[in-house]
Amino acid sequence: MLLALGGALVAAFLADVLARRSGLPDVVILIALGLLLGPVLHITTEGVLLSVAPYVGLAALALILFDAGLDLRRHELGGQTGAAVALAALSVTVSFLAIFPLAYFFLVGRSVPLALLFAGALSCTSSAVVVPIAARMRLPAGARGAVNVSSALEDTFAIILVTTLLLFYSPGHNGILLVLSTVLQIPLGLAGGFLAGLLWIVVARRYQKLPFFSMATVGFLLLLAGLVDALGGSGILAALVFGVTLGNARSLEKTFHIQGALNLLPTVRQFQTEVAFLLRAFFLLLLGMLFELGPNELEVLTLGAAMGGVLIGMRYLTVATAVERGLFPASWGSPLSSLGTRGLTSAVLVVLPVTYGLVPSAQSFLDPTLVVVLVFTAYTAVGVLLYQRRTSVPGAREPPGPAPRGGLPTPTTEQWESMWGFVSSNVSSTPSGPGGGDASPPEPAPPSSPGPPPLP
């Protein structure tokens, strides 16, 4: 394990250097290095890797969402939360429904529990991958906030879904506790993150100039995420809210009459960013090391590629629906469609059923997931590259800035119903001609929405 940890430190740095010079996502480089260390050189055993992988992945996810929360401002959240919730909920639902039949018929031998768990794991984007990419793109502040919030919410929804299914299919589960744990995850995550943020504002104002305060902040964050999880809440949502609370310390100090202004020192962010980078790199290396070539590997690769293509199509359809219904400007369609890649969260969630002993073979879940991650990462890399080139051309029109005062609209009941009708008609109906199909045509888009985004 020491060899793997030391290799992760060096590999993380090399992957970042190669990614900056070549333009390839560091996800691809780290997984490729993992393939070299695992299936080729056999550095460590599968049992050791599976025992540490979920904890490393969740810790990295908490740190990355905390960092994203620090950059979200209250005026941005007020205008974007409703639209981000709509996008996240629709994206997770559509992706789950699309992957379930593929997993049921072709992957898990028509086992409903395993198909549900696999579909739930692949239903969300990975904020650990999306947030850093969005931070390096030339996006308007409003679009970046929408990406950060929606990806964090997708992670939260998927984790709640998979953990609820794990509890339901575990022997001797209690129905009342199952319902409570499902219902309370989001409220506990919100409340825990907010109260911890208020407490740490007071602590940081007094002690942040002391040595090792950066380390104490990371430790407190991980304690918060672990405690909220132990109480039945969403630890990663608490991490996001904790970051948002610290990032909006000035306005909260006025509201709650906290004496003295707080400006987090750059060293605090630098330390937690480096720790998050290390944990994320370590987990991606572990994912590559867990890959195993088998006799049916061609079928697994084909199925994984097909699932990746389906998820890309569902992402495009979801964003197109949101733009069509006026929730986002049309110019945001291309980057939002590209920034839907699977990664850290999905990999963590497919490992959980393996550690619970519900999956007879770890490779049956891990190998197709790795292929999906690589396919979607390649799509995201191409989409981001094309978007960057369009916005960097001299004289090209820059993306619009944040939404007008009041922000993006919160979806109404009619918009929710219209969005779902639009998606379901495109997914389930088969047109019989130019105007065929049994589903009713979607409602016309508002005048301010030019239409679905072009594929990047």
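The values are calculated or read from the model by the stated rules, or taken from the named source; none is laboratory data. Keep in mind that what you see is a predicted model, and the values were worked out from it rather than measured. Positions of Cβ are generated from backbone atoms using ideal geometry, with glycine treated the same way; all protein chains shown enter the neighbour counts.
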Within the range 84-119, which residues are hydroxyl-bearing (Ser, Thr, Tyr) and surrounded by fewer than 24 Cβ atoms within 10 Å (Cβ to Cβ)?
-> 93, 104, 111
Name the residues in the range 292-315 that are at pLDDT 80 or above and either closer than 30 Å to residue 66 by Cβ or among the polar types (S, T, N, Q) (or both), would you?
-> 302, 308, 311, 312, 314, 315
Among the candidates 222, 252, 303, residue that is of a type outside the set (Gly, Ala, Ser), in contact with a helix residue (DSSP H, G or I) (Cβ under 9 Å, 6 or more places away or on another chain), in contact (Cβ under 8 Å) with a residue 40 or more places away in the chain and more than 26 Å from residue 154 (Cα to Cα) | 252
If you go through the range 37-55 one residue at a time, do you hit one that is at pLDDT 85 or above, part of a helix (DSSP H, G or I) and buried (at least 21 other Cβ atoms within 10 Å of the Cβ)?
-> no
Could you tell me whether the range 292-299 includes any residue that is hydrophobic (A, V, I, L, M, F, W, C), farther than 26 Å from residue 82 by Cβ, without any contact (Cβ under 8 Å) to a residue 40 or more places away in the chain and assigned to a helix (DSSP H, G or I)?
-> yes
Could you list all residues from the range 356-372 that are at pLDDT 75 or above and under 23 Å from residue 34 (Cα atoms)?
-> 359, 364, 365, 366, 367, 368, 369, 370, 371, 372
Could you please let me know if residue 276 is touching a residue at least 12 places away in the same chain (Cβ under 8 Å), crowded, with 21+ Cβ neighbours inside 10 Å, farther than 17 Å from residue 14 by Cβ and not aromatic (Phe, Trp, Tyr)?
-> yes
Output the qualifying pairs, or none if there are none: Cβ atoms under 9 angstrom, residues six or more apart or on different chains, first residue in the range 143-157 and within 11 Å of residue 129 (Cα to Cα), second residue modelled with pLDDT under 85 and not in a helix (DSSP H, G or I).
-> 148/71; 148/72
Residue identified as more than 22 Å from residue 61 (Cβ to Cβ), more than 20 Å from the chain's Cα centre (by Cα) and among the hydrophobic types (A, V, I, L, M, F, W, C) among 213, 220, 194 = 213
What do you reckon, is residue 260 closer than 18 Å to residue 65 by Cβ, part of a loop (DSSP other than H, G, I, E, B) and modelled with pLDDT under 90?
-> no
Working only within the range 280-307, note down all residues that are over 21 Å from residue 40 (Cα atoms) and crowded, with 24+ Cβ neighbours inside 10 Å.
-> 280, 307
Residues located in the range 215-236, provided they are in contact with an Asp or Glu (Cβ under 7 Å, 6 or more places away or on another chain) and within 14 Å of residue 184 (Cβ to Cβ) | 235
What number of residues within the range 339-352 satisfy the criterion of being assigned to a helix (DSSP H, G or I) and crowded, with 24+ Cβ neighbours inside 10 Å?
-> 8
Kindly indicate the residue of the range 9-35 that is touching a residue at least 40 places away in the same chain (Cβ under 8 Å) and over 18 Å from residue 129 (Cα atoms) and also surrounded by the most Cβ atoms within 10 Å (Cβ to Cβ) among those meeting that condition.
-> 35
In the range 120-142, what count of residues is obtained for those that are assigned to a loop (DSSP other than H, G, I, E, B), surrounded by 20 or more Cβ atoms within 10 Å (Cβ to Cβ) and not polar (S, T, N, Q)?
-> 3
